[in-house]
1. Let me check I've understood the local charge: for A:A819, count other residues with C-beta under 11 angstrom from its C-beta, Lys and Arg +1, Asp and Glu -1. What total comes out?
2. What are the extents of the Cα atoms of segment A:225-310 along their three principal axes, in Å, largest first?
3. Can you check what the net charge comes to around A:S17, using other residues whose Cβ is under 13 Å from the Cβ of A:S17 (Lys, Arg +1; Asp, Glu -1)?
4. Angle between the Cα long axis of helix A:84-93 and the longest principal axis of chain A, 0 to 90 degrees, nearest 10?
5. On a 1.4 Å probe surface of the protein chains, which of A:K617, A:K113 comes out largest in accessible area, and what is the full order?
6. Residue by residue through segment A:226-241, which ³J(HN,Hα) values in whole Hz follow from phi under the Karplus form 6.51 cos²θ - 1.76 cosθ + 1.60 (θ = phi - 60°), with glycine and proline marked x?
7. In sequence order, what are the phi-derived ³J(HN,Hα) couplings for segment A:433-440 according to the Karplus relation 6.51 cos²θ - 1.76 cosθ + 1.60 with θ = phi - 60°, rounded to whole Hz, with x for glycine and proline?
8. Say the dipole of chain A comes from +1 at the beta carbon of Lys and Arg and -1 at that of Asp and Glu; which of A:P459, A:P852, A:A696 then lies farthest toward its positive end?
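The values are calculated or read from the model by the stated rules, or taken from the named source; none is laboratory data. Since the model is a prediction, treat every value here as computed from it, not as a measurement. Backbone-built Cβ (ideal geometry, glycine too); neighbour counts: all protein chains shown. The area values use the complete protein model at the heavy-atom level, side chains included, leaving out ligands, DNA and RNA. Shrake-Rupley method; radii C 1.70, N 1.55, O 1.52, S 1.80 Å.
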Amino acid sequence: MARGFDFKAIEDRWQRSWEESGAFTVAEDPGRAKFYLLEMYPYPSGRIHMGHVRNYAIGDVMARFLRMRGYNVLHPMGWDAFGLPAENAAIEHRTHPAKWTTENIAYMRTQLKRMGFSYDWNREITCSDPEYYKWGQWLFLKLYEKGLAYKKLSAVNWCEVCQTVLANEQVEGGLCWRDETPVVQRELPGWFFKITAYAEELLVGLDQLPGWPDRVKVMQRNWIGKSVGAEVRFPLPDREQPLTIFTTRQDTLFGATFMILAPEHPLALTLSKGTPQEGKAHAFVQRMKREDKILRTAADAEKEGVFTGAYAINPLTHERIPIWIGNFVLLEYGTGAIMAVPSNDQRDFEFAKKYALPIRLAVKPLDSDLDETDMDRAYEEEGVLVNSGPFTAMASQQAREAIADFLEREGIGTRAVNYRLRDWGISRQRYWGTPIPIIYCDQCGTVPVPYDDLPVILPQDVEISMKGGSPLGKVASFVNVPCPRCGRPAKRETDTMDTFVDSSWYFLRFASPHAHDGPVTPSQVNYWMPVDQYIGGVEHAVLHLLYARFFTKVIRDLGLIAVDEPFTRLLTQGMVCKETHRCPEHGFLLPEEVGADRRCRACGRQVEIGRIEKMSKSKKNIIDPEDLLAHYGADTARVFCLFAAPPERDLEWSEQGVEGSFRFLTRIVRLVEEREELLRCPSVPVPFSRLVAGRALYRKAQQTVKRVTEDVEKEFHFNTAISALMELANEIGHFDLVGMPGEEDERRFAFTYAVDVLLILLSPFAPHLCEELWERLGRDRSIFQMAWPTYDSAVIKAEEILMVVQVDGKVRGRVFLPADVGEEAMREAALADERVTAWLQDRSVKRVVVVPQKLVNIVTGGSR
RNA sequence: GCCGGGGUGGCGGAACUGGGAGACGCACGGGACUUAAAAUCCUGCGAACGCGAGUUCAUGCGGGUUCGACUCCCGCCCCCGGCACCA
């Protein structure tokens with residue numbers, strides 16, 4: 001290692017030392033404030049990527065900082081080890097998912113250790129470990145007992161590539177979240193968790209989370225999608241049962257001129273029976289069933305429908321109105337049927353125009369009139385009711401209450417709430433996941449596996465393929481079991497659980513990772529929970545982060561934990577990005593595939609360079625942390641990730657930026673090495689009141705303590721914290737150790753103090769290097785056993801202030817004044833300043849604004 | 001369309017609660033050291049005008065409030081992310 005410093009040796013040495021001393025092992029300690037710091041655990045894909053480095057570097061700085069601040073810090077790590085990539089790898093490399101996963105974990109663990117992350121490895125958990133998934137199965141059974149886990153046949157999202165069902169949260173814009181291929185709808189039986197039972201609590205609980213970013217809360221709020229309105233029963237002539245609809249706009253009821261059913265609505269076909277429309281309605285429903293539902297219900301799809309031939313009675317106008325079937329009405333939402341108010345709903349308007357259905361205005365704008373025969377679009381805003389019988393002239397909002405009251409009084413309807421949130425489909429037709437602990441018996445039906453028989457072990461000897469359904473179904477020794485109730489031959493459930501189930505409670509397990517009589521040990525979990533700070537990517541805003549909140553509430557209701565919300569504070573870090581090289585012919589290129597003339601080496605076309613995009617294999621703009629580690633070491637990697645951008649923003653990779661961080665650390669090494677002898681000798685403390693020559697440096701060090709502490713603690717502004725450390729390092733570098741005769745001791749004291757402070761403050765960011773230098777200076781303990789420095793606000797305050805003098809708001813002069821200067825003295829000094837008086841010639845002073853300790857603004861009466 | 005986050009030098013980014021815009025770093029220019037280069041050190045670095053002291057302009061655009069606006073208010077433009085026929 002020629003360049004800089006021998007980071008390899010330093011890192012190896014200290015990593016071994018921390019491991020041997022068990023520096024990061026923690027236990028409950030009621031005497032100390034606890035802090036549970038957690039980063040989202042990784043999927044063991046094979047090797048860590050820059051996103052991990054950034055995520056875990058942020059967490060590790062926090063962990064080390066908080067320990068030095070005196071907290072009892074739980075900082076664990078584990079593996080989200082179940083999931084489809086292991087099966088794909090198994091097929092591709094002819095290996096077993098378990099082997100592939102275990103090897104990946106082993107390698108990635110060494111990588112994390114080489115980054116110097118301070119985890120308590122005694123608490124490591126792997127969710128493909130039977131000791132872990134046993135308790136996932138246990139929780140499943142508890143949910144089943146409480147009616148929160150159930151099986152049903154339903155239309156589900158199916159990914160052809162993954163050969164499995166996906167949860168709603170795993171479909172993004174009609175595409176599979178993992179491979180971005182189109183998702184299709186399929187009728188399939190599967191297991192669901194009743195997350196909707198907690199919809200309201202999941203919604204209102206967001207208000208109790210001031211430490212969460214707004215955008216995540218907004219995304220969850222939108223996802224839960226609460227709508228307040230009413231269910232209204234529209235009588236059907238000649239039928240006992242009315243047609244019930246849900247609306248949020250009961251104020252527009254008088255404008256309901258027809259109704260629309262979802263094609264899957266049970267009445268869609270029965271209502272048309274015996275009418276002249278029967279054939280047409282039947283054909284339409286059949287066609288809708290064949291069409292892809294995601295396309296059919298997309299926002300930009302053309303509205304289509306057919307008349308059923310039947311009529312309902314508008315319960316307020318008592319008019320007979322036609323019932324239609326429409327492609328855009330969803331069975332799953334509300335009651336699967338709507339009243340159509342074309343005057344006040346754009347979708348209904350388009351439908352009415354297309355099929356020449358009547359339009360009657362129900363709500364008009366406050367300040368103008370509308371003619372329903374002459375509208376070119378619906379009036380959807382609030383307004384004043386018209387054509388609405390006794391409610392005419394009421395404001396929308398008031399009318400909604402009045403009409404809801406009326407509906408309830410007359411027995412026509414009830415107030416109602418609807419949520420967009422659907423139950424969480426957790427069945428996966430794949431192998432590498434937690435087996436669902438259920439047995440099907442011809443005699444006894446669906447039988448839960450008895451608790452004593454847990455875990456249901458995932459068999460090892462399985463042929464994995466992406467064809468012919470769940471691989472577990474082909475393992476006879478797994479499938480065929482005696483019924484736990486009657487003993488007769490029965491069959492196991494062959495679906496496994498969504499891996500998001502595993503990650504919905506892993507943070508609880510870390511508190512008591514080896515508990516063997518339950519998923520958690522209440523005394524331990526209640527000491528550590530909630531997670532005080534959670535750090536991870538925003539891509540989990542409505543996936544993991546919603547499921548984990550749901551599980552926390554369920555487990556609380558089981559009486560195992562005492563918290564309502566799992567994560568008190570959440571930091572969503574930005575992505576790691578890098579520029580891409582794109583050839584119009586060959587797509588994304590590696591930098592080395594581009595010639596010096598910015599042309600593609602393969603075809604000679606001009607290559608588009610400079611688009612900054614998230615690092616990804618497919619865009620060929622990956623930086624392997626392994627290379628970073630080899631060339632610059634872990635400390636540089638950490639400092640770069642934290643310095644280049646504030647954590648919540650995207651980080652743009654820059655080779656020069658890394659170089660800069662490396663230079664900074666090298667400078668620190670030089671700073672210490674050049675004065676090593678001197679720094680090793682104990683210096684005699686000089687009280688601040690007597691400090692003269694070293695006063696400025698001492699103060700700078702204290703100011704840096706304040707800045708770094710506040711930056712790290714309050715806002716995670718690691719970038720500005722590091723810049724403050726750079727400033728201090730610069731000032732130390734320029735400090736004159738000799739000065740005037742007689743000042744040496746004082747200067748030595750200030751210098752030593754500043755260097756010590758610098759090393760301690762820097763140690764969470766660059767732990768290996770700081771430990772090394774600390775030791776080289778002969779300081780007796782590990783730097784991480786040092787208390788975080790404090791500062792004295794009297795020291796920090798400069799005894800001189802620089803007063804800015806403005807004339808008419810423009811800076812015209814600067815004057816040094818004693819810090820305790822009064823307003824009147826500031827005013828006088830400002831008016832006496834030479835440069836200022838020049839500006840004041842021929843102008844009259846109209847007013848003088850004095851900002852204490854800071855600035856004087858002289859306002860003049862006009863031009864000269 | 002709705003919701004959220006942004007827009008500041010060549011670049012990444014600073015700026016407390018309305019008070020010196022551009023901290024810190026990168027890139028770049030000049031200089032020192034060197035036979036030379038690298039490394040390191042010193043120095044300059046928003047733009048325009050000026051020999052210079054300095055002056056004017058400048059935080060997406062247009063208005064406003066204020067002694068004073070990157071910061072507050074009104075109206076627009078652009079970029080990124082999320083949701084999107086949810087009745």
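1. -2
2. Principal extents (largest minus smallest coordinate, Cα): 36, 34, 20 Å.
3. Net local charge, A:S17 excluded: -3.
4. 80
5. A:K617, A:K113
6. Each residue's phi maps through the Karplus curve to give 7, 10, 9, x, 8, 9, 10, 9, 9, x, 10, x, 6, 10, 6, 7 Hz.
7. Ordered by residue, 3J(HN,Hα) equals x, 6, x, 7, x, 9, 10, 9 Hz.
8. Going by the charge dipole, the pick is A:P459.
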